1. Would you check which residues across the stretch B:44-82 are polar (S, T, N, Q) and within 18 Å of the chain's Cα centre (by Cα) and list them?
2. May I ask you to say which residue of A:ARG63, A:ARG37, A:ARG82, A:ARG51 is within 14 Å of chain B (Cβ to nearest Cβ), over 26 Å from A:LEU131 (Cβ atoms) and not aliphatic (A, V, I, L, M)?
3. If I filter the stretch A:93-151 down to residues being of a type in the set (Ser, Thr, Tyr) and modelled with pLDDT under 95, which single residue comes out as farthest from A:THR20 (Cα to Cα)?
4. Tell me, which strands (runs of 3 or more DSSP E) wholly within the stretch B:1-111 include 2 or more residues that are among the charged types (D, E, K, R) and touching a residue at least 12 places away in the same chain (Cβ under 8 Å)?
5. Criterion first (of a type in the set (S, T, N, Q) and under 17 Å from A:ALA28 (Cα atoms)) does B:THR38 satisfy it?
6. Can you tell me which residues in the stretch B:92-111 are charged (D, E, K, R) and facing chain A (nearest Cβ under 8 Å)?
7. Go through the residues of the stretch B:4-16 one by one and say whether even a single one is closer than 22 Å to A:GLY104 by Cα and crowded, with 16+ Cβ neighbours inside 10 Å.
8. Between B:ARG62, B:ARG82, which is more than 20 Å from A:ARG27 (Cα to Cα), at pLDDT 95 or above, among the basic types (Lys, Arg) and touching an Asp or Glu at 6+ places or on another chain (Cβ under 7 Å)?
Number of protein chains: 2
Amino acid sequence: MPDPCTIDVRILEHPVEVVTIEPFPPRAGAECVFLGRTRGDVHPRHGTLARLSYHAYVPLARRTLDELAEHAAEKFQCQVVRIHHAVGEVPVGAASVLVQVVCGHRAKAFEACRFLIDRLKATAPIWKQELWTDGTTWSEGTPVLPEGDAS
Amino acid sequence: MPDPCTIDVRILEHPVEVVTIEPFPPRAGAECVFLGRTRGDVHPRHGTLARLSYHAYVPLARRTLDELAEHAAEKFQCQVVRIHHAVGEVPVGAASVLVQVVCGHRAKAFEACRFLIDRLKATAPIWKQELWTDGTTWSEGTPVLPEGDAS
């Protein structure tokens with residue numbers, strides 16, 4: 001009988017941060033965390049990136065992340081799965097996404113964390129707009145663009 | 001010309017924690033963190049684990065971790081590599097080791113973090129003693145046991 005998993009999925013209206021897991025599950029020994037942060041890219045025509053702006057259809061994004069967390073929890077025998085994602089503006093250096101996983105041992109913790117961020121990027125209905133010093137673009141490769149918003 | 005890497009290696013006389021990287025390197029977008037925590041194992045003869053006790057020959061452990069951090073920084077083009085390792089007692093749930101890596105993108109951040117913890121476990125001259133409710137053992141698979149200390 002595997003230990004139960006605590007799942008904590010949130011869509012937040014501000015940048016995200018690592019949150020200490022307390023109390024830590026006593027039968028777990030490994031914690032793996034991923035933070036995706038706004039990188040200060042330079043665009044050939046639009047200048048330097050000031051911030052990203054994330055847009056989501058929250059009920060669907062929430063459900064997608066919940067299902068993803070439950071899937072990973074079972075697949076990798078996780079004891080904690082946390083996914084926090086920001087909507088709204090995230091300046092350079094701040095984090096838009098946190099994936100935090102606790103497992104018995106490190107191999108599964110790394111695998112689960114990587115699986116979650118890869119799947120999240122591929123499937124979550126969250127769109128990214130790039131706000132440069134001189135212009136705005138929508139990120140390529142987003143699953144869908146909200147109608148009328150594509151640049 | 002790759003960005004320079006900030007390396008932060010410490011052997012600490014208390015459990016370790018994630019430390020926010022500030023300022024975050026502006027050209028980095030991915031942060032991967034691993035925390036190894038004391039797991040509340042149960043021994044068939046010695047009862048439940050109360051805490052682990054880590055012992056190191058500090059100058060050599062320090063040098064080993066420094067070299068490992070420099071190697072990973074170059075191999076994976078890291079912008080930050082942090083390795084903090086505790087010596088002394090680490091109770092169940094607390095962390096004995098922190099590996100924190102910042103890279104441009106997530107693939108390299110995950111690879112570097114996993115590489116560092118795997119190599120650290122295999123090569124660092126740090127020994128682990130298990131303090132059970134009823135007895136003490138030395139962990140198997142440690143590189144060397146300090147003379148006269150093996151149980």
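1. First pass over the stretch B:44-82, keeping only residues polar (S, T, N, Q): B:48, B:53, B:64, B:77, B:79.
Selection gives B:SER53, B:THR64.
2. A:ARG82
3. Of the residues in the stretch A:93-151, the ones of a type in the set (Ser, Thr, Tyr) are A:96, A:123, A:133, A:136-137, A:139, A:142, A:151.
Now narrow it down to the ones that are modelled with pLDDT under 95: A:123, A:133, A:136-137, A:139, A:142, A:151.
Values: A:THR123: 27, A:THR133: 35, A:THR136: 35, A:THR137: 35, A:SER139: 31, A:THR142: 31, A:SER151: 39 Å.
Here the residue is A:SER151.
4. Ranges flagged: B:6-12, B:30-37.
5. yes
6. Passing the criteria: only B:ARG106.
7. yes
8. Among B:ARG62, B:ARG82, only B:ARG82 is more than 20 Å from A:ARG27 (Cα to Cα), at pLDDT 95 or above, among the basic types (Lys, Arg) and touching an Asp or Glu at 6+ places or on another chain (Cβ under 7 Å).
The values are calculated or read from the model by the stated rules, or taken from the named source; none is laboratory data. Source: prediction; values computed, not measured. Glycine gets a Cβ as well: all are built from the backbone with ideal geometry, and neighbour counts include every protein chain shown.
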